Each structure stands twice: as C-alpha cells, then as structure tokens.
Amino acid sequence: MTTTLKLPVGIENFEKMRTEGFYYIDKTGLIRELLNNWGEVNLFTRPRRFGKSLNMSMLKYFFEYGSNAALFEGLEIAKERELCEKYMGQFPVISISLKGVEGRSFEAAKEMLRALIGREALRFGFLSGYEQFTVEEKKAYAGLTGMDDRGDYTMSDRMLAESLLLLSQLLHKYYGRKVIILIDEYDVPLDKAYRAGYYDEMVQLVRMLFHQALKTNDSLQFAVLTGCLRISKESIFTGLNNPNIMSVMDVQFEEFFGFTDMEVRDLLAFYGLTGFYHIVKEWYDGYRFGSINIYCPWDVINYCYALRVNPSARPQNYWANTGSNDIIRRFIQKAKSSTRSELEILLAGGSVRKYIRQELTYNDLDSSIENLWSLLFTTGYLTQRSYRDENYLNLCIPNREIQQIFETQVMEWFQEEAGKDVGKLDGLCAAFQDGDVETAEKLLNGYLKKTISVRDAGARRDKKESFYHGILLGLLGHRESWDVFSNMESGDGYSDILIEDEEAETGIVIEVKYAKDGAMEAACREALKQIEEKRYADRVTEDGMRTVIKYGVACYKKDCRIIMDCEQQDGRKTSGRRP
C-alpha cells in the first residue's frame, strides 16, 4: 500500500508528529480523563519507551498559551468542545524532561539540571522586559537565565532548588493564570545517581525542587509527572498531599500508554502489513496494564519500519537497545536455588506469584531479592497475568523479545561463573580434544546442574537446542589456541560447532540435540548421523586437520550424554560412548 504518512521512529514531539506527516495513534483521550479526574500532582509510571514523552508533549501543546487548535482537529479530544474552550491554550506551561540529567559526579549532574531549567526559563524571554515585576522579581528571572562567558548557567544552588517555584510565580503574575508543570522522566536523575554513587545528594536536591514546586506553590494549577518507578513518598514526595498515582496496575488511563491490539491491527492494515500480525503479537505484545493487554509501541513502530524497507526483515530486540538491562544480571547474581527454579519456570512460559512493593527507594532495590521482583515488574521485564490478589501478582515474561533478553543475560552470567574455575574449563576442553568421552560428559553435566535451564514446557525443540548449544559454545571458547566456529557452513549444511586446533592438526565437529522425553542415546545417534549425512567434517578436513573427532551431544533438562566417532587420515576409526 502506498501512503504519504511516515512511521514515527523516535518522534516524541507532538507538533512535529501532527504537522510533518507522521502516522499518529490517537491518545488525546488522556486529556479528557486527566481533566475529569486530576489531582494537584499526577504521576504516571510506565516502563521506558511506552509513549510517556510523546504524551507529555501532547499535554504541553494542548494547554499552553498560543496553542494551535489545528493540531487536535479530528482527534478524540476535539469532540469535547466544552473542555477545549475552557482549557485549550489557556495556561502557562513549564515543561521539562529529566532524562538527560546525569554525570559521573553530583556537580556534573547538577550543572545539567541548571542548564535544563535555565533553557526552559529562557523560553519565556518576554518576562525580562515586564515592567510590572518588582526589582526582586526581575533579579530572580535574571538569576534563572544568567550565564557566564563560557555559556554555563550561573544560578546558585539555592536558586536551583527554588527554580521551578520562582518561574511559576513569575509566569502566574505575567498571565494572571496559574501554571501547569510537566516533568517527564522524573526518576532518571535518581537512577543515574544511584549507579554513579551520589544518590543521597541527588535525592536531597530533587526533594527540595519538588517540595518547592509541587507543595508550597500557590501558583500551581496542577502538575503531571512521568517515570518508570514509583519512588517512595518518604524519599522524594515528602509532604505532598496524596499525589494521584497511576501505575501499570491501575485500570484508569490503562489504554493511553502503549498500543492496544486494535491500534496495532489498524497500523498494520494501513501499511499493508496485516500478514505480520502474529509475529508482531508474539514478539511485542503481552504487557498487561490495568485490565488490558498492551504492545510496546517502540518495538512495533521500529519493526514496521524495517518491514517496509525489507519485507523479509526478522523481528529484533529493539527495546533492549534503549537502556541498560543489568537489573536482570543483578537479579540472577542474587538468586539462590529456589529463585533460580522460579526463573526456570518463567523461561519455560510459566508464572510465579509474588508480592509487589509499588513504592521503593533506590537504596531498597538491592536489599533483597523480593524487591528486585518488584523492580522487574515495574520496569517492564515482567508483567502480570489476569489474576490479582491485592499486591500479590502472578508474574510472567510478557513476550518473545523479553524472553530473549533474559536468555542472553542468563548465558552471560553462566559464562562468567564458569570462567572463574579455569582448571575445570581446561579439563573440559582437553577431554573433548583427547576423545575422553567419560570426563567430558561428567564435567558438562556438572555445569548443567549449576545453570538456569529451559524446561520442557513452553519451549520448542530448536529453541532448547540453541540454549544447550550456547552453553557448550561458551565453555569450549575458553581455549584461546582453538579456532571455534558456530553454525558454520560445512558440507551440505551448517554445523553446530566446529573447532580447529592447528598445532595438534585436530578438528572437532559437534552436533547438539535435545533429547525428547529423555531418549538420550537415540538423540546422540541422530546427531552423529546428521554429521555424516550433511558432511559437516568437510570444512575441517579441507583446512588440513589430520584427526577429526565427531561428537553427538544430547541434553535433557540438566543432564547430558555424549557419543564420539573419530577418524584419522590413515583411515583408522574409533568410537566411544558413555559407559
């Protein structure tokens, strides 16, 4: 289908979305619901890349003086004529995003915050010439916007803490209307500070900033904040009177962040991509906000863009590349045997029931494994199933994309753990090189019992084989003198693992099979038969390896079996199997 509407990859500006020919999924119903149910301070918590920033931009362009009503023509909010007449373009709006406030030190992050608020104050440059301001008010605005010769903002620490309050007071006096404050990604500076080691200082600064702007501010109409986490009231929102918090557990506003199933169907139909619906659903659906299922919009838009360029494009893990996934690594590292068993259930497509703490401080996150369950839920790595009992939720991995993130992190963790015992790794590699099947099997079984496996339920055979293939590949890659190849073209196909030891003139060919129903012997024989029929050994023979050792490796749950065939250039052949 030919269309002039572009896919909005990375577009977070509502005006640009509406004026430069981008496809827009109407979320303006959020404005109606907000106006009908708002509190003085409203916080929306959603995972990253679920449309928070675009919605905040939409709110700015709706409420701010001088707004262009044409931006909202034909959209849901335009049907609400009384609300539009009363609220559209009727307020001064302070709009900032804290997603870029970070630094290696507290001073560096503070400079970024100064610059961010200073630039927002400069957006109202007309305030500098307002004659009805007192001398002190003029001095306050100059303090907010003043810069030195290098272009760095010079507002004092005290003024920085009061900056949003001062700016809203000045705007209130100028317009005679109270101010709407929009703060996007409010918790990012806290996350960055926690990682960099200056969390306590940043908490104190953000607490003072919010206390001044959101509690003791008579010039405030209302405020809207967004973030990933619901930071505890005692940590940041000290003294605020019952902020209106809408999390992923709440039914209210459930459809306004992310794409609903019908919205995805309409998008795919518009671009002639309906045939890819089931792939998109498998990879990017599965989040449950309130009572409905939600797709990650960042993923859907990026995959549709890729399909329009290349109809053969495979789905990718777009979401993983937009932020750090080290929370999963921390979770795995802290997990004891019982928790690792629960992770195996999740990886197999099952669910686990956990108590979810919605309010946390960053200092709480690593204090217990239970808090990490809550963090995985609120940040989008896990989602809730339909059953809910107060704060106890049945948690599951939402989709194929997040499943892949978990599997990658599990594999990296396993390889790190295995690498700590160099002697055992050397022994495993030597056993494969020497044809010592019994030792190779014993050591590999030891590793499998320590890892987090893919269970029988919910995973296809090829996916299970890929899991064991990855484990073995990582272990054998330890020996630096070997050339190790994965899925290398050889003979009439692609061998799982090929190894060449040039010094010993030895080639190793390994085919990994998942033993359905535990039929290990048959799976090993099937693997060796495939090596022969597909001529996987051709590659190492052509490269001059005089001895070729072929292994059929069968795995089932946390057990393995190995059978070997060995050929030498003089025609001699030996074989081995588990005694």
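Counting only alpha carbon atoms, the long axis of helix 337-347 and the longest principal axis of the chain meet at about 80°. Legend: distances between Cα atoms for LYS336/LYS558; LYS6/LYS86; LYS464/LYS557; LYS334/LYS449; pairs beyond 21 Å are LYS6/LYS86. Ranking ILE183, PRO243, THR408 by Cα position along the charge dipole of the chain, where only Lys, Arg, Asp and Glu carry charges on their C-beta atoms, puts PRO243 farthest toward the positive end.
For the pair ARG385 and LYS79, a Förster radius of 30 Å applied to the C-beta separation gives a FRET efficiency near 0.30, rounded to the nearest 0.05. Only protein heavy atoms count here; on that basis, with a 1.4 Å probe, THR154 has an accessible area of about 80 Å². Taking all protein chains into account, the per residue accessible area for the chain stands at 44 Å² (1.4 Å probe).
Shown here is the pair-distance distribution of segment 118-171: with all Cα-Cα distances grouped in 5 Å bins from zero up to the longest one, the shares run 4, 21, 35, 24, 13, 3, 0 percent. Within straight-line reach of LYS173, meaning a Cα separation under 18 Å, sit the following aspartates and glutamates at least 8 residues removed in sequence or on another chain: GLU64, GLU120, GLU131, GLU136, GLU137, GLU162, ASP218. For ALA69, what charge total do you get from the other residues with a beta carbon under 13 Å from its beta carbon, if Lys and Arg give +1 and Asp and Glu give -1? Charge balance in the 13 Å sphere: -3. What are the trypsin sites (Lys or Arg not before Pro) within segment 391-427 that DSSP puts in a loop, where the Cβ has at most 11 other Cβ atoms within 10 Å? Within segment 391-427, the qualifying trypsin sites (Lys or Arg not before Pro) (loop, at most 11 other Cβ atoms within 10 Å) are LYS420. 3J(HN,Hα) along segment 224-229, derived from phi through the Karplus expression 6.51 cos²θ - 1.76 cosθ + 1.60 where θ = phi - 60°, amounts to 10, 10, 10, x, 8, 10 Hz, with x in place of Gly and Pro. Ranking ARG104, ARG114, ARG385 from most to least accessible surface, computed with a 1.4 Å probe over the protein chains only, gives ARG104, ARG385, ARG114.
The length gained on full extension between TYR355 and ARG150, counted as 0.36 nm times the residue separation minus their Cα-Cα distance, comes to 68.7 nm.
Dipole check for segment 410-535: with +1 at the C-beta of Lys and Arg, -1 at the C-beta of Asp and Glu, and the Cα centre as origin, the magnitude is about 880 Debye.
Annotation note: GluC sites (Glu not before Pro) in segment 125-214 located in DSSP loop regions with a Cβ neighbour count of at most 12 within 10 Å are GLU131. Annotation: amide H-H contacts under 5 Å for PHE22 (H modelled 1.01 Å from N, sequence separation of 5 or more, or interchain): LYS6. Sorting 78-84, 489-495 by their mean Cβ neighbour count within 10 Å, with the most densely packed peptide first, gives 489-495, 78-84.
To the nearest 10, the accessible area of ASP218 is 130 Å² with a 1.4 Å probe. Placing a label point 7 Å from the Cα of MET488 along the Cα-to-Cβ direction, the residues of segment 522-550 with a backbone N closer than 15 Å are 535-550. For LEU98, the accessible surface of its heavy atoms amounts to roughly 0 Å² (probe 1.4 Å, protein chains only, rounded to the nearest 10).
Shown here for segment 333-431: GluC sites (Glu not before Pro) in loop regions (DSSP other than H, G, I, E, B) with at most 15 other Cβ atoms within 10 Å, namely GLU390. Taking the square roots of five times each eigenvalue of the Cα gyration tensor of the chain, the equivalent ellipsoid has semi-axes of 56, 26, 22 Å, listed largest first. Beta-bridge orientation, the chain: approximately 55 percent antiparallel, per DSSP, counting only bridges with both partners inside.
Rolling a 1.4 angstrom probe over segment 1-141 with all protein chains present gives an accessible area of which 47% lies on carbon and sulfur atoms. Here the accessible area is traced with a 1.4 Å probe on the protein chains. For segment 235-318, carbon and sulfur cover 53 percent of it.
Residues ARG158, ARG32, ARG353, ordered by accessible area of protein heavy atoms at a 1.4 angstrom probe radius and largest first, appear as ARG158, ARG353, ARG32. Here's the picture: charge each Lys and Arg Cβ at +1 and each Asp and Glu Cβ at -1 in the chain, and of ALA313, CYS566, ALA161 the one pushed furthest to the positive end of that dipole is ALA161.
Simple point charges give the picture: +1 on the Cβ of Lys and Arg, -1 on the Cβ of Asp and Glu, and for the chain a dipole about the Cα centre of about 1340 debye. The 3J(HN,Hα) values that the Karplus relation (6.51, -1.76, 1.60; θ = phi - 60°) gives for segment 393-407 are, in residue order, 10, 7, 9, 8, 6, x, 7, 5, 4, 5, 4, 5, 4, 4, 4 Hz. Gly and Pro appear as x.
Residues in segment 197-210 carry Karplus couplings, in order, of x, 10, 4, 4, 5, 5, 4, 4, 5, 5, 4, 5, 4, 6 Hz; the curve used is 6.51 cos²θ - 1.76 cosθ + 1.60 with θ = phi - 60°, and Gly or Pro positions show x. Sorting ASP559, ASP366, ASP200 by solvent-accessible area of protein heavy atoms yields ASP200, ASP559, ASP366, largest first, with a 1.4 Å probe.
The values are calculated or read from the model by the stated rules, or taken from the named source; none is laboratory data. None of these values were measured; they are calculated from a predicted model. In this analysis, Cβ positions are derived from the backbone assuming ideal geometry, glycine residues included, and neighbour counts consider all displayed protein chains. SASA here: full protein model, heavy atoms, side chains in, ligands and nucleic acids out. Shrake-Rupley method; radii C 1.70, N 1.55, O 1.52, S 1.80 Å.
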